[in-house]
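Below is one structure, written out as structure tokens; the observations come after it.
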Amino acid sequence: MDFVTVGRTGVQVSRLCLGTMSFGNYSDPATSKAMFARAREHGINFFDCANSYAGGKAEAILGDCIAESKSRDDIILVSKVCRPMNPGVNGRGLSRKHIMQEVEASLRRLKTDRIDFYFVHHYDPLTPAEETLRVFDDLRRQGKILYPAASNWAAWRIARALGISERETLARFELLQPMYNLVKRQPEVELFPLAVAEKLGVIVYSPLASGLLTGLYGVDRAPEKGRLNEPRYQKRYADRSNYEIADRFTEFAEANGLSPSSLAVAWAMSHPAVTAPIIGAETVAQLDGYVDALKIPMTVGLRAEITALSNAPDESIERTVD
């Protein structure tokens, strides 16, 4: 396993990050623990989670995995805050009240005294960025988090937050997490150039486009089960052009004797701004297949051929999640 530095932090992470959204949700605890163990065998030290995944169960299972393996000091741990965690009016968002409650709950579930990279999961229109950044700086000073991070924020919001942090001498975002895959390339327009210019790490989620790029989907084919059968993901990838890209990509992968899943991960990983893609497996076999992406020699020429199979992003807009 190769390791890379997250931005300017000096922290070394594996070239792949294991996403744990499936823990306690798509994967039962036993399967989740088996995936964690296999990830460690592969040399993965980077694990992404969030307080909202499976209503907190994902953090609890991941916490058990780390505690049972006695590997906390070797693990780079990610979690997030913003999504609703209870039906109360203050049960969500990026206010001081909600963040302080949720970081303590996450620490308990994760069975740790600190979170290495703590993300704002989404933008909160009700809370000024100054308030959120001050809370994250307080948490860093308390040692409960090591680095603030941002997921699903537009580049201009991140740039403004970096300016606030510099002006107020607050801990700044050091890691970004956008959605990025062959059919969702918008980060290439503004977010990736910002990350390179400001020396920010980038971990990208959904490199397989929720299964669209696994070789199982196309204009006239789809399995009966899968995330793309869920309304949330159906909406995200509803456009017919996405399935046309999937057909072209699958044909290209098979013609070159490559697994579409491994190739999709390798392509996302090969962008110069990307620190690591997040691989969200549901079984050990899937995990092994995604790790095979490390064996693919993604040359400049091969990346260009694959990129040409998709549509260039619209440079007139910057979207986060749709």
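Just so it is clear, none of the values below were taken in a lab; they were calculated from the coordinates. Model, not experiment: these values are computed from the prediction. Cβ placement follows ideal geometry from the backbone for every residue including glycine, while neighbour counts extend to all protein chains displayed.
Listed values, structure above:
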{"quantity": "Listed residue (Val4, Tyr123, Ser261) projecting farthest to the positive dipole end of the chain, Cβ model", "calculated": "Tyr123"}
{"quantity": "Radius 14 Å from Cβ of Leu228, net charge of other residues (Lys, Arg +1; Asp, Glu -1)", "calculated": "+4"}
{"quantity": "Residue among Phe136, Thr250, Ala150 farthest towards the positive dipole end of the chain, charges placed on Cβ", "calculated": "Phe136"}
{"quantity": "Qualifying lysines (Cα of each under 26 Å from Cα of Lys97; at least 8 residues distant if same chain)", "calculated": "Lys57, Lys80, Lys111, Lys144"}
{"quantity": "Kirkwood Rh in Å, taken over all unlike Cα pairs in the range 3-177", "calculated": "16.3"}
{"quantity": "Label point at Glu166 placed 7 Å out along Cα→Cβ; residues across the range 121-150 whose backbone nitrogen lies under 17 Å", "calculated": "130"}
{"quantity": "Among beta bridges that DSSP assigns inside the range 3-177, antiparallel share in %, nearest 5", "calculated": "15"}
{"quantity": "Extended-chain gain in nm, criterion 0.36 nm per residue less alpha-carbon gap, Lys111 and Glu68", "calculated": "14.4 nm"}
{"quantity": "Cα centroid of the range 137-192 to Cα centroid of the range 1-70, whole Å", "calculated": "21"}
{"quantity": "Net lengthening on full extension, Lys295/Arg141 (0.36 nm per residue, minus Cα-Cα)", "calculated": "51.4 nm"}
{"quantity": "Residue with peak Gaussian network fluctuation, the chain [Cα springs, cutoff 10 Å], from Asp239, Asp138, Asp292", "calculated": "Asp239"}
{"quantity": "Shape of the range 69-120, Cα gyration tensor, a/c cut at 1.5", "calculated": "prolate"}
{"quantity": "Within a Gaussian network of the chain (alpha carbon springs, distance under 10 Å), most fluctuating of Glu230, Glu282, Glu59", "calculated": "Glu230"}
{"quantity": "Average Cα contact separation per residue, the range 1-69, under 8 Å, 6 or more apart, as relative contact order %", "calculated": "35"}
{"quantity": "Selection from Ile203, Ile306, Pro193 lying farthest towards where the dipole of the chain points positive, charges on Cβ", "calculated": "Ile203"}
{"quantity": "CD proxy at 222 nm, helix term only [per DSSP H run n ≥ 4: -39500 (n - 2.57); per residue of the chain; nearest 500]", "calculated": "-12000 deg cm²/dmol"}
{"quantity": "Helix 57-69 vs. the chain, principal-axis angle (Cα, 0 to 90°, nearest 10)", "calculated": "90"}
{"quantity": "Net charge dipole size for the chain [Lys, Arg +1 and Asp, Glu -1 on Cβ; Debye, nearest 20]", "calculated": "760"}
{"quantity": "Value of relative contact order over the range 196-322, rounded to a whole percent, pairs C-alpha under 8 Å and six or more apart", "calculated": "30"}
{"quantity": "Cβ-defined net charge surrounding Glu68, 13 Å radius [Lys, Arg +1; Asp, Glu -1]", "calculated": "+4"}
{"quantity": "Relative contact order [Cα under 8 Å, 6+ residues apart], the chain, whole percent", "calculated": "18"}
{"quantity": "Summed residue charge, Cβ within 12 Å of Pro29's Cβ, Lys/Arg positive, Asp/Glu negative", "calculated": "-1"}
{"quantity": "Rounded Å value of the spacing that divides the Cα centres of the range 263-294 and the range 77-113", "calculated": "28"}
